[in-house]
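First up is the structure itself, then whatever we jot down about it.
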Amino acid sequence: MKEKLISAINGDITELSVDAIVNAANNSLLGGGGVDGAIHGAAGPELLEECKSLNGCATGKAKTTKGYALSAGYVIHTVGPVWRGGGNGEEETLAECYKSVFEEARKHKISSIAFPSISTGIYGYPVERAAPVAVRTVMEELERTPTVEKVIFVCFDKRTYDVYLEALEGLDG
């Protein structure tokens, strides 16, 4: 079995050449702010047109579209939880986002995926709590998904990047 690569970078997810990038979307899938707006802007108007045909997406679930003008062949849209203090199932729902993305990856035989830091922007999930959930769930899903060989966590700022690096380093210990 090939060794699987998992890493974190500080950068722009819309510029990556991977099979799929993950969009931290809202329930409508019709674009928004942050990474969602950036992906829609970079992919072009065809992405919005395809998203209109999907009838939205439930929180914790994922749906796949083509990548259009992006280098990535696919965009996997997932809707993360809004942070409400941590006692409202946020951790389970966040983990479900990553699991749902891997379900889509299996369906489409995707071998490389780039994830943003889901729910840590406008949805207010503390990155220090989100990163360990993301890393742990991705590691579990990699075991169950032989097609995926490479995962990149793409962090939008240095602080987020540092937190993801620390979460990844925790795997070695």
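Residue-wise test of (1) within 16 Å of the chain's Cα centre (by Cα); (2) buried (at least 23 other Cβ atoms within 10 Å of the Cβ); (3) not in a loop (DSSP other than H, G, I, E, B).
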{"site": "GLY85", "(1), (2), (3)": "no, no, no"}
{"site": "CYS97", "(1), (2), (3)": "yes, yes, yes"}
{"site": "SER119", "(1), (2), (3)": "yes, yes, no"}
{"site": "VAL133", "(1), (2), (3)": "yes, no, yes"}
Notebook entry, point to check: Does region 115-138 contain any residue that is within 23 Å of ALA38 (Cα to Cα) and among the acidic types (Asp, Glu)?
Noted result: no
Margin query: List the residue pairs whose Cβ atoms are under 6 Å apart, where the first residue sits in region 134-160 and is at negative phi and polar (S, T, N, Q), the second is surrounded by fewer than 18 Cβ atoms within 10 Å (Cβ to Cβ) and at pLDDT 95 or above, and the two are 6 or more positions apart or on different chains.
Written below: THR145/ARG106; THR147/LYS109; THR147/SER111
Margin query: Can you tell me which residue is most open to solvent (accessible area, probe 1.4 Å) among those in region 13-31 that are of a type outside the set (S, T, N, Q) and without any contact (Cβ under 8 Å) to a residue 60 or more places away in the chain?
Written below: GLU15
Next item on the list: Go through region 1-12 residue by residue and tally those that are in contact with an Asp or Glu (Cβ under 8 Å, 6 or more places away or on another chain), outside any loop (DSSP other than H, G, I, E, B) and either open to solvent by less than 40 Å² (accessible area, probe 1.4 Å) or of a type outside the set (A, V, I, L, M) (or both).
Entry: 1
Check: Would you pick out the residues in region 40-83 that are more than 17 Å from PRO116 (Cβ to Cβ), within 16 Å of the chain's Cα centre (by Cα) and touching a residue at least 24 places away in the same chain (Cβ under 8 Å)?
Finding: ALA58, GLY73
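The values are calculated or read from the model by the stated rules, or taken from the named source; none is laboratory data. Remember, it's a predicted structure, so these values are computed and weren't measured experimentally. Methodologically, a virtual Cβ is constructed for each residue, glycine included, from the backbone with ideal geometry; neighbour enumeration extends over all protein chains shown. Ligands, DNA and RNA are excluded from the accessible area calculation, which covers all protein heavy atoms including side chains. Shrake-Rupley method; radii C 1.70, N 1.55, O 1.52, S 1.80 Å.
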